[in-house]
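The values are calculated or read from the model by the stated rules, or taken from the named source; none is laboratory data. Everything quoted here is computed from the prediction, not taken from an experiment. With ideal geometry, Cβ positions are generated from the backbone for all residues, glycine too; neighbour counts draw on all protein chains shown.
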Amino acid sequence: MELNLNGKVALITGAGSGMGLLCAQCYAKEGAKVVLADLNEDAVKSAAEEINANGGEAIAVKVDVTNYEQVVACRDKAVEAFGAIDILVTCAGGAETRLLGLPWMPYHEIPISAIDFGIDLNLKGAMYFQHAVFAQMAKQYSGVMISLGSITGEEGGTMAYAAAKSALMKGVVKTLAQYGAEYNIRSVCVAPGPVLTRPGMANMKTMAGRAADPQEIVDMILYVSSDRGAFINGTTILIDGGRNVLMNKTGPQPEKKTAPKND
Ligand SMILES: NC(=O)c1ccc[n+]([C@@H]2O[C@H](COP(=O)([O-])OP(=O)(O)OC[C@H]3O[C@@H](n4cnc5c(N)ncnc54)[C@H](O)[C@@H]3O)[C@@H](O)[C@H]2O)c1
C-alpha cells in the first residue's frame with residue numbers, strides 16, 4: 001500500500017529505542033525526513049547516522065521531554081533542519097516503577113516523587129511536544145499528532161503511568177483534535193497491549209496468546225499518520241491482541257504463541 005510519506009517531516013520522541021526507533025527507521029524507509037528526539041543522545045545520534053548512511057535524511061536531538069524549554073528548542077531545530085513538521089509521534093514514556101527500579105508496594109508507600117516522575121514523563125512530556133509543535137503545524141495549516149497510549153490506560157496497573165495513558169487516550173486526543181480542526185491538524189492515539197520491545201512483555205496474557213511484534217504497532221502508526229488515515233481523528237486505536245476482552249472470555253483459554261516477524 002502506497003503511504004505517500006515521501007518528503008514529509010516526522011518528529012519522533014523516544015526515538016532512541018523500541019517503537020520510537022523503529023518508527024524513525026520506517027518513516028525514513030518511506031522517504032520521510034526524520035527528527036529523532038530522545039534523552040539518550042548516543043542512541044539517537046547513531047540511529048540518525050545509520051539512516052543518513054543508508055540514503056535517508058535524519059537529525060538527532062537530545063531532549064528531556066519533561067523540560068518545556070528543551071522541547072521548544074527541539075521543535076526549532078527540526079524546523080531549522082527541514083522547514084516543517086508534518087508528523088509528531090510521541091513515544092517517550094514508560095512505567096515509573098520500572099524506570100525508577102521500585103518494587104511493588106502499597107499505594108500510600110509509593111514516594112510522591114515517583115508519581116510526579118510518571119505524570120511528567122508520560123503525560124506532560126507528550127502534551128509539551130503537542131503544544132510546541134501545534135504552533136508550527138498551525139502556521140503550516142496541516143499536521144498530524146500521534147500519541148502512544150497503552151492497554152494500562154484502559155485496565156490500570158502502575159498508578160501514574162495508567163493515569164497518564166488514560167488521559168492521552170481520552171481527554172488529550174479528543175481535545176487536541178478539537179483545537180486542531182481550525183488548523184487542519186489531526187490527533188490520533190495508538191494504544192498497544194504488550195509489545196516485545198522487552199522480553200518480559202511476553203508474559204502478559206492476550207487473546208492472541210502472545211505479545212505484539214513492534215512492527216505490528218509501527219505499521220499502524222505509519223498508516224494513521226499518512227493521508228490513507230486522513231479520516232481517523234480524535235480517537236484511540238487499541239492494538240492489544242484482544243487483551244481488553246480476555247477477562248470475560250468463557251470456554252477454553254487462548255494457547256500461548258510466538259509473535260510473527262513482520263519486518
Ligand atoms: N513496550 C510495550 O509493551 C508498550 C505497551 C504499551 C504502550 N507502550 C508505550 O509505547 C511507547 C514506546 O514504548 P517502548 O517500549 O518502545 O519504549 P522504550 O522503553 O524502548 O523507549 C523509550 C525511550 O524513551 C526515552 N525517554 C525516556 N525518558 C525520556 C525523557 N524524559 N525525555 C526524552 N526521552 C526519554 C528513552 O531514552 C527511550 O529511548 C511508550 O510511551 C510506552 O509507554 C509500550
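Restricted to the stretch 144-182, and to residues there that are within 15 Å of the chain's Cα centre (by Cα) and not in a helix (DSSP H, G or I), the residue that is farthest from PHE117 (Cα to Cα) is VAL144. When the residues of the stretch 21-31 are filtered to those that are over 18 Å from VAL65 (Cα atoms) and within 17 Å of the chain's Cα centre (by Cα), the one that is nearest to the ligand (Cβ to nearest atom) is LEU22. Does GLN215 qualify as being over 21 Å from MET19 (Cα atoms) and either within 12 Å of the ligand (Cβ to nearest atom) or not aliphatic (A, V, I, L, M) (or both)? Answer is no for this residue. The helices (runs of 4 or more DSSP H) falling completely within the stretch 25-128 that include 1 or more residues that are within 27 Å of SER142 (Cα to Cα) map to 41-53, 68-82.
Mind listing just one residue for me: the one in the stretch 146-168 that is within 11 Å of the ligand (Cβ to nearest atom) and touching an Asp or Glu at 6+ places or on another chain (Cβ under 7 Å) and, of those, farthest from ALA10 (Cα to Cα)? Among them, the one singled out is THR158. Might you let me know whether the stretch 72-94 holds any residue that is in contact (Cβ under 8 Å) with a residue 24 or more places away in the chain, surrounded by fewer than 19 Cβ atoms within 10 Å (Cβ to Cβ), under 18 Å from the mean Cα position of the chain (by Cα) and within 16 Å of the ligand (Cβ to nearest atom)? No.
Restricting the stretch 129-143 to residues that are in contact with a Gly (Cβ under 9 Å, 6 or more places away or on another chain) and either of a type in the set (S, T, N, Q) or part of a helix (DSSP H, G or I) (or both), the residue that is surrounded by the fewest Cβ atoms within 10 Å (Cβ to Cβ) is ALA138.
Going by the conditions given, is MET220 touching a residue at least 60 places away in the same chain (Cβ under 8 Å) and under 15 Å from the mean Cα position of the chain (by Cα)? So MET220 fails the test. The residue pairs whose first member lies in the stretch 154-176 and is under 18 Å from ILE110 (Cβ atoms) and among the charged types (D, E, K, R), whose second member is at pLDDT 95 or above and within 13 Å of the ligand (Cβ to nearest atom), and whose beta carbons are closer than 6 Å, counting only pairs six or more residues apart or on different chains, are LYS165/GLY149; LYS165/SER150; LYS165/THR152; LYS165/GLY153.
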